[in-house]
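The values are calculated or read from the model by the stated rules, or taken from the named source; none is laboratory data. Here the structure is a predicted model, which means the values were calculated and not measured. Methodologically, a virtual Cβ is constructed for each residue, glycine included, from the backbone with ideal geometry; neighbour enumeration extends over all protein chains shown.
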Amino acid sequence: MKTALFVCVHNAGRSQAAEAFFNHYTAERGLALTSESAGTEGGATLNPTVVALMQQRGISMEGHTPKILTQEMADAATSIVTMGCGVDADKCPARVHFSDDWGLDDPKGRPEAEVEVILTEIEARVLLLIDELQAS
């Protein structure tokens, strides 16, 4: 099964949303694709604004928690995407070849309207990635 891995520093907002969007849409379409997310440092909790806005979109993030990137995660991934958070290769706990960097703004501390724009961009990019992985 092809796996997308979304990587951020804290794994508390963007990468978690990307994982949730990806798994929601692939399950909805019955596709043999999956995703997970992780951080190079890991955070304490998820961004509550991201969680609330995802819930408003009908996508639950219940059970999601920040995770630290492992070599096993990287090795199992078909595609590894950083979210634009300046992942420091020297601090990265795994040796990873990143497929793409999406260059997204960090939702931390931003007003709800700005976080909504970030989530809309993540959703659009996730849908394109699903199409790419399905076609390859």
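Here are a few things to note about the model shown:
- Count of residues meeting criterion [more than 16 Å from Val126 (Cα to Cα), β-branched (Val, Ile, Thr) and surrounded by 17 or more Cβ atoms within 10 Å (Cβ to Cβ)] in the stretch 17-46: 1
- Residues of the stretch 30-47 that turn out to be over 11 Å from Thr65 (Cα atoms), in contact (Cβ under 8 Å) with a residue 24 or more places away in the chain and either outside any strand (DSSP E or B) or aliphatic (A, V, I, L, M) (or both), as a count: 5
- Just one of the numbered conditions (1) under 21 Å from Trp102 (Cβ atoms); (2) in a loop (DSSP other than H, G, I, E, B); (3) of a type in the set (A, V, I, L, M); (4) out of contact with any Leu (no Cβ under 6 Å at 6 or more places or on another chain) is not true of Val50: (2).
- Checklist (1) among the polar types (S, T, N, Q); (2) more than 16 Å from Glu123 (Cβ to Cβ); (3) modelled with pLDDT of 95 or more applied to Thr49, failing item: (2)
- Residue in the stretch 75-82 that is modelled with pLDDT of 65 or more, outside any loop (DSSP other than H, G, I, E, B), within 16 Å of Lys2 (Cα to Cα) and not hydrophobic (A, V, I, L, M, F, W, C) present: yes
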